[in-house]
Structure formats: structure tokens, C-alpha cells
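Presented below is the structure to which this report refers.
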Amino acid sequence: MTLTIVRLYHDLLGTYGDQGNAEILVHRAKARNLDVELIEVTPGMAVPRTGDIYLLGGGEDGPQSAALEMLKTDGGLNYAAAGGATVLAICAGFQIIGETLPDSDGKATSGLGLVDAHTIYDQSPRSVGELVIQPNRGGLPLLTGFENHQGLTRLGKEMPQLGLVRRGIGNGFDHKEGVWHGNVFGSYMHGPALARNPELADAVLQCAVGPMKAFDDQLAQAFAQERRMTLGGMTN
Ligand code: GLN
């Protein structure tokens, strides 16, 4: 089997290195002897419907709206997600996969509806800084990232968060951060998140390929651990 990873519009949605999430997945998949293909989707290209993992990053309000409109018109990401494809969406991407979000004029518009999540802009100061979250499943340790967003995202009652906020703002409601619903992950963690959190990278990969053997990537693990320690003396 060839694992197909689809990186969507990274020129529009790739702030703070989010496009690097694709490279991390490729690296960790190859370490398990998987064949991997990375497909780069640029504006105007059709979104492949048979990918295994789809990646969206963060972006400014204008590019975010443009990407959302293209994804709605194309329909490929919704088609693939409905068929069980794995999705990882960061910040603007996380807002895009929800039910509603502000458009570039601040008016509420519909998102792709892959998860029950509603994003609003209110009068709060922009959420900027380091983010530390504690997941409660998948054997995931503390995760760290960098956040920078105006939007705040309320999850529907049935939507499990990715983690609870230990430091930073996250979704902005009930100390929740991100979403992990079926094979769909959303998060406000830039970094790129998967470089900073190799365990999260493996959780995403496993949604697509099933259980994998351990990969002792000492440099990645040391880096993740260093971020946990620096951001609060947390070791697990
Ligand atoms: N434009 C969105 C917001 O400000 C997303 C920002 C981002 O992706 N960094 O909430």
C-alpha cells in the first residue's frame, strides 16, 4: 500500500511552519517502511478524493476565506473525510473544518462541517503565545505548540477535545483545545505541531495505517521533552 498524504494550499495556509507537518508524517511513515506519496494541492487544482491523510494549516483571514471557498466548491475534502480519510487541520484550518466561522469581513459563514465546532470573533484580545495541553486518550503525553488567533471555537456537546489547556487559551471555551473526532483532528497548535509532538504525529498516522511499530527518534523525542520542560517543568 502507498500512503497518500495531501497537503492543501500551503501557500495560503502554512503560517508558522504548518506545512512541515507533511514532512514529519512522511519521515515517520518511511521509518516504518511504508511507501509514501505527498501530493501538493495548489489553488485551481482538484483535491484528490482518494488520499489517506489531508493537511490544512493556519493563515490570515483573507487567504483562509479563499481556501474555504475553494474547498467548498471542490468538495473533494468532504468526500474523502466522509469515506474515512484522516484530516489534520491547524488554526485557520481547524476553523474551516467546523460548522461556522467568520468570513474575511467578520460575517458568519458556513465551514466544511467535518466537525461540530463554531468559531466566533469577539472583543477578547488575540490569543498569542505558547500553548500546553493535556490529552486524555491515545496514550498521548502533554503536547505543546504556539497559538496566534482571534477566533474562539466552541465545540458541540458530542465533540471530544484534543486536550485540556494547561497553558494558553486554546479554543477559548471550557479549557478545551482542538478536537479529535473519529479520524479528524483540529488544533490551534502551530509549531509545526507534529515536529514538536512526535506522539501526535503517530496518532495521526495510525488513524490511516493502523498500529505501527515504535520508532525511536531520539532527536524528536528530546526536542518534545525540552519544550514540555521549558513550558512548565512538566515531564510526562
Ligand atoms: N484567521 C484566523 C484567526 O485569527 C486564523 C489565524 C491563524 O491561522 N493563525 O482566528
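The values are calculated or read from the model by the stated rules, or taken from the named source; none is laboratory data. Nothing here was measured: the structure is a model prediction, and the numbers come from that model. Because the Cβ atoms are built from the backbone with ideal geometry, glycine has one as well, and the counts that use them run over all protein chains shown.
For ASP74, are the conditions met, namely being farther than 22 Å from HIS149 by Cα, of a type outside the set (Gly, Ala, Ser) and buried (at least 16 other Cβ atoms within 10 Å of the Cβ)? So that I can check it myself, show each step before the final result.
Numbers: farther than 22 Å from HIS149 by Cα: yes; of a type outside the set (Gly, Ala, Ser): yes; buried (at least 16 other Cβ atoms within 10 Å of the Cβ): yes.
Considered against the rule, which asks whether it is farther than 22 Å from HIS149 by Cα, of a type outside the set (Gly, Ala, Ser) and buried (at least 16 other Cβ atoms within 10 Å of the Cβ), ASP74 comes out as yes.
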*For region 62-157, which fully contained strands (runs of 3 or more DSSP E) count at least 3 residues that are under 30 Å from ALA46 (Cα atoms) and more than 16 Å from the chain's Cα centre (by Cα)?*
100-102, 108-110
*Looking for whichever is on the phi < 0 side of the Ramachandran plot and under 11 Å from the mean Cα position of the chain (by Cα) here; the options are ALA220, ALA193. Which one fits?*
ALA193
_Contact list please: Cβ distance under 7 Å, first residue in region 8-34 and of a type in the set (Phe, Trp, Tyr), second residue at pLDDT 95 or above, pairs at least six apart or on different chains._
TYR9/VAL41; TYR9/THR42; TYR9/PRO43; TYR9/ALA67; TYR16/GLY58; TYR16/PHE146; TYR16/HIS190
*Restricting the first residue to region 189-210 and requiring it to be without any contact (Cβ under 8 Å) to a residue 40 or more places away in the chain, which pairs with a second residue that is assigned to a loop (DSSP other than H, G, I, E, B) meet a Cβ separation below 7 Å and a spacing of at least six or different chains?*
GLN206/MET212
*Can you tell me which of GLY186, GLY168, GLY178 is more than 11 Å from the chain's Cα centre (by Cα) and of a type outside the set (D, E, K, R)?*
GLY168
*Among the residues of region 138-160, write down those that are charged (D, E, K, R) and within 16 Å of the ligand (Cβ to nearest atom).*
GLU147, ARG154
_region 19-44, residues that are basic (Lys, Arg) and within 20 Å of the chain's Cα centre (by Cα)_ = ARG28
*Evaluate the following for LEU55: is it outside any helix (DSSP H, G or I) and within 14 Å of the ligand (Cβ to nearest atom)?*
yes
*Give ILE96, ILE120 a once-over and let me know the one that is within 16 Å of the ligand (Cβ to nearest atom) and touching a helix residue (DSSP H, G or I) at 6+ places or on another chain (Cβ under 7 Å).*
ILE96
*Within region 129-137, is there a residue that is over 19 Å from GLY57 (Cα atoms) and at pLDDT below 95?*
yes
*For region 6-19, what are the residues that are more than 13 Å from the ligand (Cβ to nearest atom) and either within 21 Å of TYR79 (Cβ to Cβ) or surrounded by 22 or more Cβ atoms within 10 Å (Cβ to Cβ) (or both)?*
VAL6, ARG7, LEU8
